[in-house]
Amino acid sequence: MIFCRFVSYYLGMHILLIEDDIDAAGYLMKGLNESGHLIDHAADGKEGLGQALTGHFDVMIIDRMLPEMDGLSIVAALRAAKNVTPVLILSALGEVDDRVEGLTAGGDDYLTKPYAFSELLARIEALGRRSAPEQKNNKLKLYDLEMDLIKHRVIRDGVSINLQPREFRLLEYLLRHKGQVVSRTMLLEQVWDYNFDPQTNVIDVHISRLRNKIDKGHDKKLLHTIRGAGYSLRETD
Amino acid sequence: MKLINTTVFRMSMRFAALFAVIAIFALLSVYYITFAEMEEQIDGELQLEMIELSAYYRHEGLHELAELTEKRNQYGRHLRHYYALTDQQNNVISGNRILASIKPKNIDIKNEIFFFDTTQTFDDDDESILRIAYSSLPRGLTLTVAQANNSLHELREHTFTALLVAVFITLCIALINGVYMGRVVLSRLTLLNSGLDNAIKTDFRKTLVVPEQNDEFQTLTLKLNIMLGQIGKLIQGMRQVTDNVAHDLRSPLTRIRNGLEVTLLQSRSESEYRKAMESAIHDSNDLINTFNALLNIAQAEANVKREDWQSLDLAKLLLDLADLYEAVAEEKHLGFEFSVPKKQIIDGNNQLLSQAISNLLENAIKYTPEHGTVKLELLENNGHPTVVVSDNGPGIPENQFDRVLERFYRLDGARNSPGNGLGLSLVNAVVNLHGAKLVLKNNRPGLRVEINF
């Protein structure tokens, strides 16, 4: 798997997958496993809820349509039981309202079938990181790149970098998810607030502008393109 | 449909029953009060007579009373008033002998006078219905006075019959009215129903004949026609999509399937396998994009889910999009002109509108050659906002303006560039959803797309 290469260093997560489609679950487990994560699988809603309540997981992936008990009810039951494990809801219903419904039911992210595995992986890892204690720092830092959120200033190797407001938000998001792979769709959702996919390479253009500002003239490149998946801000290649 | 099953008929029957109950209650009350009053009046007259005669007796004595009684009995006959005076042994002293012989029954007492009702035939007269009063005088005498009230009884019977007839007529009129109204409504509903049957049979291509009378049926028919039109359009759209999907997805699916099959024909190097799989992933990504675009169009066309609408500022929406696309245009060495002079608040779905306008911007950027210019403007037309995306690229031939809005339709020259021919279909669907109008114009050179809200 091409994904192994860029996530193997990442601390593996314990993931619960509740999905009734055995084939889909099979390849998801294989892919997540090879990306360094430990997966438990439940094939119906009741069993899934039982496992979710008794086990300790970093992230849960829950299909919306399940036998015995539907995904949104599971999320609602978990939240009622004060379980705050991040949940990614998978759904075959793609309309805007369903997405809103899924998020208001207590889901943390929502992915519509058909989706790319790389997209799912990136989102799962972003969610897993979120469950780790959030740094309350006003400064974000990677190698010699520093961002001061109060003064709205970015410095690389002692030199101040002038960023447009949107570039600042883009870099902030990347810094908050440093070391992870973030997909173009995630950037569009989180930085620009759009939940549709443009047909052209809009995000690539903005990334390449940002890269020009932070990496140009430095031997150590920080902003990496991950083929077929997205981008990653990190020290290692 | 049976008349008896119509709402109007049932309702008028219910009203008829209600009216009948009210009428019966009212008439019966009048009936009883009136007749009780009249009976009271007769008793009063009898009592007065009794008092007068007993006073006469006290002043004038027995003999005079006997004479007066006899006289009154004679003169009172034509008024059917009867008098009798009897002694202790029930011997008739004067007056009417027959009256004196009547045995009292069911007596009621008022002011020491005894009253009772009976019937009796006097000589040649018809049977009289009598109200009789008697009272005791000193020395064991009994004075009896009677009055026939046949006419009152006749009146009572007639009134009762009249009452029954009135209620009956009320019910009849209500019934006729119910049948009539039911018929009228039923006939118009039958017309509507047959029209609807016809519409269903023809897959909603036919609509209903609108009645000329300006009433609630006309309003209903007009609304139904709008609904039928929408259903028809949706059905047609669905067919078109199914056809197009079948047609346009066939080739990429074939490509993926056969590419993989051919790869498996003989054993190959790892890099060759990798290449085949990567190309399959690439092709399926295109398929996924096409599917998502179709779903988006379907959602915009479904025109129902309005919960996530909000009032939004078009200027802000365009500003955000410009922020996203200006860099893309510059990257392609295109000029990007942007003008949003002031706030324009409308009700809408932010995501769908952004996606629609981003489709227009992407088209403009994609098809305009280097050093061209793409413009994004927000104008105001008679108080209504208009969003304009224009370029000076190759444009679209004017006779193709309608066709490019169809799903999967692509201009001949564009077939080899990436894209699925769904972009403008989505724009059109979103614009329609917002009650706006999409207008394509020749920008001489280039394309000018206006969204008129």
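Note on region B:425-439: residues that are open to solvent by 20 Å² or more (accessible area, probe 1.4 Å) and under 28 Å from B:S251 (Cβ atoms) amount to 1. Listed by first and then second residue, the pairs with beta-carbon distance under 9 Å, at least 6 apart or on different chains, first residue in region B:323-350 and in contact (Cβ under 8 Å) with a residue 40 or more places away in the chain and assigned by TED's automatic domain parsing to the domain that holds B:D391, second in a helix (DSSP H, G or I) and polar (S, T, N, Q), are B:Y325/B:S358. Checked against (1) within 14 Å of another protein chain (Cβ to nearest Cβ); (2) farther than 20 Å from A:I62 by Cβ; (3) open to solvent by 30 Å² or more (accessible area, probe 1.4 Å), A:Y143 meets all criteria but (1). Taking the criterion of being buried (at least 17 other Cβ atoms within 10 Å of the Cβ) and assigned to a loop (DSSP other than H, G, I, E, B), the residues of region B:58-97 that qualify are B:R80, B:N96. Take the conditions surrounded by fewer than 17 Cβ atoms within 10 Å (Cβ to Cβ) and in contact with a strand residue (DSSP E or B) (Cβ under 6 Å, 6 or more places away or on another chain) and apply them to B:S339. Does it pass? Criteria met by B:S339. The set of residues in region A:161-201 that are acidic (D, E), within 14 Å of chain B (Cβ to nearest Cβ) and either at negative phi or in a helix (DSSP H, G or I) (or both) comprises A:E167, A:E189, A:D197.
Residues being over 23 Å from the mean Cα position of the chain (by Cα) and open to solvent by 60 Å² or more (accessible area, probe 1.4 Å): count how many of those fall in region B:176-205. Selection size over region B:176-205: 5. From B:N289, B:N303, which residue is modelled with pLDDT under 90 and either facing chain A (nearest Cβ under 10 Å) or open to solvent by 70 Å² or more (accessible area, probe 1.4 Å) (or both)? So the residue among B:N289, B:N303 that is modelled with pLDDT under 90 and either facing chain A (nearest Cβ under 10 Å) or open to solvent by 70 Å² or more (accessible area, probe 1.4 Å) (or both) is B:N289. Of all the residues in region B:238-276, those that are farther than 30 Å from B:Q299 by Cβ and acidic (D, E) number 3. Is it the case that B:A280 is on the phi < 0 side of the Ramachandran plot and touching a residue at least 24 places away in the same chain (Cβ under 8 Å)? Spelling it out, B:A280 is indeed on the phi < 0 side of the Ramachandran plot and touching a residue at least 24 places away in the same chain (Cβ under 8 Å).
Screening the candidates A:K220, A:K216 for the property of being touching a residue at least 40 places away in the same chain (Cβ under 8 Å), surrounded by fewer than 18 Cβ atoms within 10 Å (Cβ to Cβ), within 26 Å of A:S160 (Cβ to Cβ) and not polar (S, T, N, Q) yields one hit, A:K220.
Screening B:N382, B:N399 for residues that are on the phi > 0 side of the Ramachandran plot and exposed (fewer than 13 other Cβ atoms within 10 Å of the Cβ) leaves exactly one candidate, B:N382.
Residues are listed down the side, and each one gets a yes or a no for (1) farther than 30 Å from B:I24 by Cα; (2) surrounded by 17 or more Cβ atoms within 10 Å (Cβ to Cβ); (3) touching a residue at least 24 places away in the same chain (Cβ under 8 Å):
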{"position": "B:S135", "(1), (2), (3)": "yes, yes, yes"}
{"position": "B:T142", "(1), (2), (3)": "yes, yes, yes"}
{"position": "B:A146", "(1), (2), (3)": "yes, yes, yes"}
{"position": "B:I169", "(1), (2), (3)": "no, no, no"}
{"position": "B:A174", "(1), (2), (3)": "no, yes, yes"}
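Within region A:146-157, being open to solvent by 100 Å² or more (accessible area, probe 1.4 Å) and either out of contact with any His (no Cβ under 9 Å at 6 or more places or on another chain) or not charged (D, E, K, R) (or both) holds for A:I150, A:K151, A:H152, A:R153. Looking across region B:347-365 at every residue that is within 8 Å of another protein chain (Cβ to nearest Cβ) and under 13 Å from B:E326 (Cα atoms), the one that is surrounded by the fewest Cβ atoms within 10 Å (Cβ to Cβ) is identified as B:E362. Name the residue, out of B:E326, B:E278, B:E261, B:E331, that is open to solvent by 80 Å² or more (accessible area, probe 1.4 Å) and within 27 Å of A:R184 (Cα to Cα). Within the list B:E326, B:E278, B:E261, B:E331, the selection yields B:E331.
If you filter region A:159-187 down to residues that are at pLDDT 90 or above and small (G, A, S), you find that the one that is nearest to A:I203 (Cα to Cα) is A:S183.
The values are calculated or read from the model by the stated rules, or taken from the named source; none is laboratory data. Model, not experiment: these values are computed from the prediction. Quick reminder, even Gly has a Cβ in these numbers, built from the backbone with ideal geometry, and neighbours come from all protein chains shown. Quick note on the areas: whole protein, heavy atoms, side chains included, nothing else; ligands and nucleic acids left out. Shrake-Rupley method; radii C 1.70, N 1.55, O 1.52, S 1.80 Å.
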